[in-house]
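The structure appears right after this line, and notes come after that.
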Amino acid sequence: MNVMKEIKSSRIGDRYFEINHSSGLKIFVYPKENYSSTYAVFGTKYGSVDTCFKTSEETELNTVPNGIAHYLEHKLFESEDGDAFARYAKTGASANAYTSFDKTCYLFSCSEKVYESLEILLDFVQSPYFTEQTVQKEQGIIGQEIRMYDDDPQWRVMFNLLRALYHKHPVRIDIAGTVESIAEITPELLYQCYHTFYNLNNMVLCVAGNVDVYRVLELCDKMLKPSQNVTIDRFFEEEPEGVVESRVEQKLSVAAPIFQLGFKEKAGENRLSAREIADTEILLEILASDSSPLFRRLLDAGLINQSSFSYEYFEGPGYASVIFSGESKDPDTVAREIKKEVAGLREHGLDPAAFERSKKAVYGRMVSSFNSVDNIANTMASLAFTGHELFNYIDTIASADIQSVQNRLNVQLRPEYSALSIVRPAEE
């Protein structure tokens, strides 16, 4: 039996529907009646870090090759009758997929033939087809992709940082794995991972745009294949608090040095609360947004440029870090200035005016994101996998207070748990 509830936001005046489908799938439909486009994402809580796991029906732990989640994403587009992209070409939808550290998502956007495109999505993701021949063929394709990423400066500066920060957590390993690890992948392993993680109880469907919830539900009733609800336990080796090394450098083909500065935090099995994430967003806005004293100082000194400097809160199962990125002629000085600014905020406390300004900026960005159907669907999927609700997260930002943000600063951005990754021009 399907259970549907309507969720409304008095704050922004929107609504969406949450459906616990009889198949086990959780479905979110966010109607935007006056929009011309629709965006759908069908995702599973299965990412590159999930290489050691056990279901509630198993007695032994499974350990699978690195890169298998990404490999599986590639293979699902293929079927005995062709591939999903050829089917989408007939509906005019633009389709794609991605694998991250903690999830795999299949998506499309379109302005017409919404339900035909949605049927394709629900069909191919539920129809695995792996043979020895097709798996071996994909090893060559993904092997080339891995070698390409080995020479990608942005990719390398990130994974060099993660390997400097993390001793044992699989977040330190490339999402695509290595040429050696993918050589171990077989059809049997792909089917095993598929049947474990592509269980509808471990998945979510989010549709936002010019759609009718009852037509979406009718199609789901027709297409979804019920799954037995099993619990999946993921296992990670205990991660030491400290970093592996505080600085790592590589030379590649770049015009100017690029960097990432990371601050590692202690992270347990449970994901962070909405309050902790919202407070961190506001804290980073205070510290390093383009209206912050730090940003203006670095920009005026010619140490960063406006187009490349950024920051993010990088958080997932068993890992959490604040990461600053950019291009700089002197990354070491940028890192020192960021740490000096953090120390000042910690010593003197947050400025109330800067807090209010930053809180409004974070809130405004979140509200404005509701004008984009892809932002809505992707955010809903991410929040669903972390146990958070979309409108509640907006309320959490709105209710933030300066003391709770100050408390986050007291546990985050510790210089003793930081590492700097630099990629310099090869000719230097």
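Let me have the relative contact order for the range 86-216, percent, based on Cα pairs under 8 Å that are six or more residues apart. Present the calculation step by step, with values, prior to reporting the outcome.
Details: 81 pairs, mean separation 29.4, N = 131.
It rounds to 22 percent for the range 86-216.
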Which of (1) 1.14; (2) 1.05; (3) 0.97 is the computed Rg/Rh (Cα atoms, Kirkwood Rh) for the structure on display? (3)
Using a simple spin-label model with points 7 Å from Cα along the Cα→Cβ vector, what separation in nm is obtained for ASN201 and GLN306? 5.3 nm
Could you report the range 189-288's accessible area per residue, 1.4 Å probe, as an integer in Å²? 47 Å²
Based on the alpha-carbon gyration tensor of the range 57-117 and its eigenvalue square roots a ≥ b ≥ c, which shape applies: rounded if a/c is under 1.5, prolate if not and a/b is larger than b/c, or oblate? prolate
With labels modelled as points extended 7 Å from the Cα through the Cβ direction, what inter-label distance (nm, one decimal) is found for LYS168 paired with LYS137? 4.1 nm
At 0.36 nm per residue, and after removing the present C-alpha to C-alpha distance, how many nm does the segment from SER22 to SER79 gain when stretched out fully? 17.9 nm
State the answer as a single residue: which of MET148, SER372, LEU298 lies farthest towards the positive end of the charge dipole of the chain, with beta carbon charges of +1 for Lys and Arg and -1 for Asp and Glu, about the Cα centre. LEU298
How much mean residue ellipticity at 222 nm does the chain get from its helices, if each DSSP H run of length 4 or more adds -39500 (n - 2.57) and you divide by all residues, to the nearest 500 deg cm²/dmol? -13000 deg cm²/dmol
May I ask which residue of PRO128, SER117, ASN210 lies farthest towards the positive end of the charge dipole of the range 73-221, with charges of +1 (Lys, Arg) and -1 (Asp, Glu) on Cβ and the Cα centre as origin? ASN210
Taking the dipole of the chain about the Cα centre (Lys, Arg +1; Asp, Glu -1; charges at Cβ), the one of GLN139, ILE185, VAL230 that reaches farthest to the positive side is VAL230
The alpha-carbon center of the range 207-234 and that of the range 147-177 are separated, in whole Å, by 34 Å
Burial-style ranking of 51-57, 329-335, 203-209, average other-beta-carbon count within 10 Å with highest first, yields 203-209, 329-335, 51-57
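If you count, for each residue, the other Cβ atoms within 10 Å and average over each peptide, how do 271-277, 97-103 line up from highest to lowest? It would help to have the intermediate numbers written out before the result.
Values: 271-277: 17.7, 97-103: 20.1.
My ranking of the peptides, most packed first, is 97-103, 271-277.
Multiplying the sequence separation of GLN228 and ARG346 by 0.36 nm and subtracting their Cα-Cα distance, what value in nm do you get? List each step's numbers first, then the result.
Numbers: separation 118, 0.36 × 118 = 42.48 nm, distance 4.99 nm.
Answer, rounded to one decimal: 37.5 nm.
Calculate the FRET efficiency for LEU61 and GLU389 from the Cβ-Cβ distance with a Förster distance of 45 Å, rounded to the nearest 0.05. If you can, show how the numbers build up before the last one.
Values: r = 33 Å, r/R0 = 0.73.
Result of the calculation: an efficiency of 0.85.
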Additional length obtainable on full extension of the chain from LYS113 to GLU269, 0.36 nm per residue less Cα span: 52.0 nm
Rounded to whole angstrom, the alpha-carbon centroid of the range 328-391 lies from that of the range 237-315 at a distance of 11 Å
Which order, highest average first, do 43-50, 254-261 follow once you tally other Cβ atoms within 10 Å for each residue and take the mean per peptide? 43-50, 254-261
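Mean shadow of the range 110-224, computed from the convex hull of its alpha carbons, in nm²? Provide the component values of the computation, followed by the final result.
Working: hull surface 40.9 nm².
Reported value for the Cα convex hull: 10.2 nm².
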With a point put 7 Å past each Cα toward its Cβ, work out how far ARG357 is from GLN144 in nm, to one decimal. 5.1 nm
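Could you look at the chain and say what percent of its accessible area is carbon and sulfur, using a 1.4 Å probe and all protein chains? The partial results should precede the final answer.
On the way: 8970 of 18970 Å².
Of the solvent-accessible surface of the chain, carbon and sulfur hold 47 percent.
The values are calculated or read from the model by the stated rules, or taken from the named source; none is laboratory data. On a predicted model such as this, the values are computed, not experimentally measured, just so you know. Cβ sites come from the backbone with ideal geometry, for glycine too, and all protein chains shown count toward neighbours. Surface areas here come from the heavy atoms of the whole protein model, side chains and all, with no ligands, DNA or RNA. Shrake-Rupley method; radii C 1.70, N 1.55, O 1.52, S 1.80 Å.
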